[in-house]
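The values are calculated or read from the model by the stated rules, or taken from the named source; none is laboratory data. Treat the numbers as computed from the prediction; the structure is a model and nothing was measured. Cβ placement follows ideal geometry from the backbone for every residue including glycine, while neighbour counts extend to all protein chains displayed. Quick note on the areas: whole protein, heavy atoms, side chains included, nothing else; ligands and nucleic acids left out. Shrake-Rupley method; radii C 1.70, N 1.55, O 1.52, S 1.80 Å.
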Amino acid sequence: MVPASKTSAAALPGERHFTGLPVSGGIAMAPVRLLGNSIPEVMRRELAPEETAPELAKLHAALAVTRRQLEAIQTRVAGQIGAGDAEIFEAHLLVLEDVVLLEEIRRAITEQRMNAEAAVDAVVNRYAGALAAVGDEYLRERAADVHDIGHRLVRALTGAGEPGDLSTLREPCILVAHDFSPSATAQMDRRMVLGFVTEAGGKTSHTAILARKLGIPAVVGVQAITRNVRSGEQVLIDGFSGQLIAQPTDHTLFQYGQLRQRRVAFEERLSSLRDQPAVTLDGHRILLAANIESPADMEAVFSSGAEGVGLFRTEYLFLNQSQFPDEEAQYAAYRAVAEAAGSNEVILRTLDLGGDKLPVERTFPEPNPFLGWRAIRVCLDQPEVFKTQLRAILRASAHGRVQLLYPMIASLEELLAANSLLEECRLELRRNAQAFDEALQVGVMIEIPSAALIADSLAEHCQFFSIGSNDLTGYTLAVDRLNERVAGLYAPTHPAVLRLIEMTIAAARRRNRWVGVCGEMAGDPLLVPLLVGLGVHELSVTPAALPAVKYLLRRIRLTESRELAKSALAARTSAETLKCCENYVRSAAPELLMRGGE
Ligand code: PEP
Ligand code: MG
């Protein structure tokens, strides 16, 4: 067989390095699997005369599969965003019925004895090239349609599945794509996906957060990577330093083998702390809890050594569902978590749909989703949906130490409105003699600058704050969490962010409220002493990051952390603050700063 296009892996030179943002630690090596908008690889083969009839049958079957895929997409899009937008798929369907194009493909199979995928590739490229060359905008767009259909047909012919379909993975691989949605990431099978690399994304995108939770090494923000590696090519990814190395040499593999061994030894040391408390050298106790997305995560919570759940992102129960789960289904999920946590706290956050977390059937285009219909706004606009969840949470509170948390509060009015719906639910449950914890604590996420600035008035109407440093950083600095072009501007140590955190803690202290941090800042060992020094009581982190945070907490002093916080608050730039943090962690636990541990 000979490659039909210039894009085969073998045509690329040997070891090549690519750098992006390290978002989930770990080292993995496997063949690449390109997904999404990647162009499928096509191999050309000469058919024996008796093979042409079966090859034509294969082509017809692939045409039928592609037609069904397009019709399904068209129906889905029509349901979600309207029939008008679904019309673009009409154009794609018409390409599939273009007699001239299909006849040419058939002739390439029967006369030139090309295998079907090579025939499709050759004819489609010629056809699209001719359309693009006309220079007319309309025809240029048709050229893109023809290419798109060609790629779909080739996928159907080679059994590669629909673009972005993770259910067809049968071999361990490193996934490479422009981007993955959080729901696609949540479906990744760890046994098949040894790591993934994307062009888009930042450290606190939900895709990155899920990768850390799943323990899948991941590197994001690697420019043009889908055009620089090929399916089947061996690559090594280093999720600690953000490297992708294509076709690594023996020397590179040896170095990474050593790094992996050091990492394993360090992990063993960390896991020996599982049942130890998170207490500083001078006896200051921090509540170290875990972030989860589903009841199934509870196993990881306990094996990480967490003391409960500091953030249950309940919206993940709602993603990938055409219907919101009813009260009973939600109650069962929340109760399972509360019971599994035993005497430990469980903080259930109410729905934070919107932004990059959208349920499949309910998406509708918004020009700026992160400033749009998200979280508490969605809930307050749909009181029945919200109250269903509130009742389920209240009922679960009869089975453990449940606390409730509202996301994305921007004003006192929102908190008061949410509290009044909660009060209605309490009354309904009392009326029906349904048990719940009368002392259930209610908390507010501080993740919008306005909330930090009015923390004193919010504190009068809640019992605790949980700082969502991911959004707080994004909204304070006007940096989109997902946009790789501005990822370098995303700085949780920016003086403005630190001042908002300090302000929140001071307001809470005046009212005797406690404060936690559940954003990714809490799981970043460099920033943990700073948060302790600023006065937070609780840190909630992804289970995979928790052992390192506990290790560090047990090596620092509260007195020194307070000094560090003072210097950080006096610093004028995020880099200055970061330097102070780095110096302190280097003196307290230098092994945490080395790639892969010790
Ligand atoms: C945050 O914004 O820091 C947070 C924890 O919420 P999420 O990441 O789910 O938006
Ligand atoms: Mg948030």
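Tabulated results
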quantity: Residue selected from segment 418-438 under the condition open to solvent by 50 Å² or more (accessible area, probe 1.4 Å) and not acidic (Asp, Glu), by the criterion nearest to Trp514 (Cα to Cα); calculated: Ser420
quantity: Of all residues in segment 303-322 being out of contact with any Asp or Glu (no Cβ under 8 Å at 6 or more places or on another chain) and open to solvent by 40 Å² or more (accessible area, probe 1.4 Å), the one that is modelled with the highest pLDDT; calculated: Ser303
quantity: Given (1) away from ligand 1 (no atom under 16 Å from the Cβ); (2) out of contact with any Ser or Thr (no Cβ under 7 Å at 6 or more places or on another chain); (3) under 30 Å from Phe302 (Cβ atoms), number of the condition Ala375 does not satisfy; calculated: (1)
quantity: Some residue of segment 229-241 being in contact with a helix residue (DSSP H, G or I) (Cβ under 6 Å, 6 or more places away or on another chain), among the β-branched types (Val, Ile, Thr) and within 30 Å of Ala491 (Cβ to Cβ); calculated: no
quantity: Only listed residue being open to solvent by 80 Å² or more (accessible area, probe 1.4 Å), modelled with pLDDT under 90 and over 30 Å from Leu259 (Cβ atoms), chosen from Arg44, Arg67; calculated: Arg44
quantity: Residue match in segment 493-515 (condition: open to solvent by 10 Å² or more (accessible area, probe 1.4 Å), within 20 Å of the chain's Cα centre (by Cα), more than 12 Å from ligand 1 (Cβ to nearest atom) and in contact (Cβ under 8 Å) with a residue 40 or more places away in the chain); calculated: no
quantity: Residue pairs meeting the criteria (Cβ under 6 Å; at least 6 apart or on separate chains; first more than 14 Å from ligand 2 (Cβ to nearest atom), in segment 337-360; second assigned to a strand (DSSP E or B) and among the basic types (Lys, Arg)); calculated: Glu345/Arg401
quantity: Candidate set from segment 439-459 (those that are away from ligand 1 (no atom under 16 Å from the Cβ) and part of a loop (DSSP other than H, G, I, E, B)); member that is surrounded by the fewest Cβ atoms within 10 Å (Cβ to Cβ); calculated: Ala439
quantity: Counted residues, segment 227-267 - those being open to solvent by 60 Å² or more (accessible area, probe 1.4 Å) and of a type in the set (Lys, Arg); calculated: 3
quantity: Some residue of segment 378-397 being under 25 Å from the mean Cα position of the chain (by Cα), in the same structural domain as Arg313 (by TED's automatic domain parsing), surrounded by fewer than 19 Cβ atoms within 10 Å (Cβ to Cβ) and within 16 Å of ligand 1 (Cβ to nearest atom); calculated: no
quantity: Val279 vs. criteria among the β-branched types (Val, Ile, Thr), away from ligand 2 (no atom under 16 Å from the Cβ), open to solvent by 10 Å² or more (accessible area, probe 1.4 Å) and closer than 29 Å to Gly516 by Cβ; calculated: yes
quantity: Matching residues, segment 204-226, being under 20 Å from Leu592 (Cα atoms) and surrounded by fewer than 21 Cβ atoms within 10 Å (Cβ to Cβ); calculated: Gly215
quantity: Selection count where residues are among the charged types (D, E, K, R) and part of a loop (DSSP other than H, G, I, E, B), scope segment 505-541; calculated: 3
quantity: Complete set of residues in segment 290-319 that are assigned to a loop (DSSP other than H, G, I, E, B) and away from ligand 2 (no atom under 16 Å from the Cβ); calculated: Ser294, Gly305, Ala306, Glu307, Gly308
quantity: Qualifying residue in segment 524-537 (condition: outside the structural domain of Lys203 (by TED's automatic domain parsing), touching a Lys or Arg at 6+ places or on another chain (Cβ under 9 Å) and among the hydrophobic types (A, V, I, L, M, F, W, C)); calculated: yes
quantity: Top-ranked residue of segment 468-492 - restricted to ones that are among the hydrophobic types (A, V, I, L, M, F, W, C) and more than 12 Å from ligand 1 (Cβ to nearest atom), ranked as surrounded by the fewest Cβ atoms within 10 Å (Cβ to Cβ); calculated: Ala478
quantity: Residue within segment 518-540 that is of a type in the set (A, V, I, L, M), closer than 19 Å to Leu281 by Cα, touching a His at 6+ places or on another chain (Cβ under 6 Å) and touching a residue at least 60 places away in the same chain (Cβ under 8 Å) present; calculated: no
quantity: Residue that is within 16 Å of ligand 1 (Cβ to nearest atom), open to solvent by 10 Å² or more (accessible area, probe 1.4 Å) and either outside the structural domain of Gly305 (by TED's automatic domain parsing) or more than 25 Å from Leu458 (Cβ to Cβ) (or both), where the choices are Ala575, Ala545; calculated: Ala545
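So that you can scan it fast, the table gives a plain yes or no per residue for (1) within 16 Å of ligand 2 (Cβ to nearest atom); (2) touching a Lys or Arg at 6+ places or on another chain (Cβ under 8 Å):
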site: Arg426; (1), (2): no, no
site: Met445; (1), (2): yes, yes
site: Ile448; (1), (2): yes, no
site: Leu453; (1), (2): no, no
site: Ser457; (1), (2): no, no
site: His461; (1), (2): no, no
site: Ile467; (1), (2): yes, no
site: Leu472; (1), (2): yes, no
site: Asp480; (1), (2): yes, no
